[in-house]
1. Could you list, in sequence order, all residues of the stretch 1-21 that are under 15 Å from ALA49 (Cβ atoms) and either aromatic (Phe, Trp, Tyr) or out of contact with any His (no Cβ under 6 Å at 6 or more places or on another chain) (or both)?
2. Among the residues of the stretch 138-154, count how many are in a loop (DSSP other than H, G, I, E, B) and not small (Gly, Ala, Ser).
3. In the stretch 64-96, what residues are within 9 Å of the ligand (Cβ to nearest atom) and either in a helix (DSSP H, G or I) or more than 22 Å from GLN35 (Cβ to Cβ) (or both)?
4. If I go through the stretch 155-184 residue by residue, how many of them are over 25 Å from VAL57 (Cβ atoms), out of contact with any Pro (no Cβ under 6 Å at 6 or more places or on another chain), open to solvent by less than 30 Å² (accessible area, probe 1.4 Å) and in a strand (DSSP E or B)?
5. Can you tell me which of THR210, THR177, THR231 is among the polar types (S, T, N, Q) and either closer than 30 Å to ALA11 by Cβ or touching a Ser or Thr at 6+ places or on another chain (Cβ under 8 Å) (or both)?
6. Taking the stretch 164-192 only, how many residues are touching an Asp or Glu at 6+ places or on another chain (Cβ under 8 Å), within 30 Å of THR139 (Cβ to Cβ) and within 10 Å of the ligand (Cβ to nearest atom)?
7. Any chance the stretch 41-48 includes a residue that's in contact (Cβ under 8 Å) with a residue 24 or more places away in the chain, polar (S, T, N, Q), touching a Leu at 6+ places or on another chain (Cβ under 9 Å) and more than 8 Å from the ligand (Cβ to nearest atom)?
8. Taking the stretch 111-137, which residues are part of a helix (DSSP H, G or I) and within 7 Å of the ligand (Cβ to nearest atom)?
Amino acid sequence: MKPPAFAYHAARSAEETISLLAEVGDEGKILAGGQSLIPVLNMRLVAPAHVIDINRVAGWNGIEVNPDTVTIGALVRHAELEASEAAYAAQPLLRQALRHVAHPAIRNRGTTVGSLAHADPAGEMPAILALCDGSVVATSARGDRAISAADFFLGPLESCLEADEVLVSASFRRFPTGTGTAYAEISRRSGDYALVGVGAAVTVEDGQVTGARVGLVSVHPLPLSLDLTETLRGGIDELTGRLDGAVDLVRESAEPEADIHATAAYRSQLLGVLTRRALSEAAATAIGSPSDRSDQG
Ligand code: FAD
């Protein structure tokens, strides 16, 4: 299929992007990697009068590892972030989840920030942003604004981004020393969207679990993140006994829906299995167990 006609603009700078957006308002759409926008254009699910291509904008393609965050520009491709050793060392969940995003060809072109802007609760990276307590920066003629993940996502494919705003970066917070992470997912075929995905981070200090969070994919209208610290707090050696409580809490908090791929009950069942798996692997990594890590192999 072919998209409806639109005016194409190749923006060359942040300023040009902002002024084009101010001019066209809600008649415009940003084009980043095009891996979600082009299919929906071709299916005629959206029909913007203007498409603003940001691929030539200078300065939006860096990966910065800071003491507290990993910050990526709007043009960083999934594959580039996945391959970054510095980003992996600082926030392993990025690579652990990114390797489940679509196929390599799509990851070569699709941007991680574009995936956040797309706000699909079946996407891995919105859930990872929520799990890391991350944030995005949007800019417009009115200036910059930082938006936390908790405020950014409003519903399926819906964010609080205004029509004249473009995302310039996203920041994923780093976890404290002693934190292990893992990502577990089931999809029908390799590269498909997740039936269910669970990212987990568990912090262990002196043999005690002092922090635990999960981020959930495909089981809620929003990329849901849950703090399980109170349920899992205590000695690491007895963690297994406390996992049932965490699994119950996660399954009660999520609102999985049925679709052509799975019933809601099956998704809920998978959610329990994957929550247990991700939390166990994250805890094992936190205490330095020789590689139970979900990203190896
Ligand atoms: P685009 O397609 O260019 O844009 C997507 C939307 O975000 C558009 O509305 C656009 O206007 C907006 N946008 C993009 N960048 C910005 C910005 N900087 N500021 C404001 N708005 C912006 N994703 C997953 O998470 N998991 C999967 O398993 C998965 N499987 C896929 C399988 C297939 C076959 C395909 C085609 C895609 C799949 N995707 C999957 C989507 C992929 O990850 C996309 O790359 C991503 O969702 C969007 O990134 P993009 O750079 O391609 O954005």
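The values are calculated or read from the model by the stated rules, or taken from the named source; none is laboratory data. These numbers were taken from a predicted model, which means no experiment stands behind them. Positions of Cβ are backbone-derived with ideal geometry, glycine not excepted, and every protein chain shown enters the neighbour counts. Heavy atoms of the whole protein, side chains included, go into the accessibility calculation; ligands, DNA and RNA do not. Shrake-Rupley method; radii C 1.70, N 1.55, O 1.52, S 1.80 Å.
1. First, pick out the residues of the stretch 1-21 that are under 15 Å from ALA49 (Cβ atoms): 3-9, 20-21.
Residues satisfying the conditions are PRO3, PRO4, ALA5, PHE6, TYR8, HIS9, LEU21.
2. The initial filter retains those residues of the stretch 138-154 that are in a loop (DSSP other than H, G, I, E, B), namely 141-142.
With not small (Gly, Ala, Ser) added as a condition, the list becomes 142.
The number of residues fulfilling the criteria is 1.
3. HIS78
4. Qualifying residue count for the region: 4.
5. On the way: THR177 fails: either closer than 30 Å to ALA11 by Cβ or touching a Ser or Thr at 6+ places or on another chain (Cβ under 8 Å) (or both); THR231 fails: either closer than 30 Å to ALA11 by Cβ or touching a Ser or Thr at 6+ places or on another chain (Cβ under 8 Å) (or both).
None of the other options fit; the residue is THR210.
6. 1
7. Kept after step one, since they are in contact (Cβ under 8 Å) with a residue 24 or more places away in the chain, are these residues of the stretch 41-48: 41-44, 47-48.
Remaining after also requiring polar (S, T, N, Q): 42.
Among the residues that remain, those that are also touching a Leu at 6+ places or on another chain (Cβ under 9 Å) are: none.
No, the stretch 41-48 has no match at all.
8. Kept after step one, since they are part of a helix (DSSP H, G or I), are these residues of the stretch 111-137: 112-118, 124-131.
Across the stretch 111-137, the qualifying residues are VAL113, GLY114, SER115, ALA117, HIS118, GLU124, MET125.
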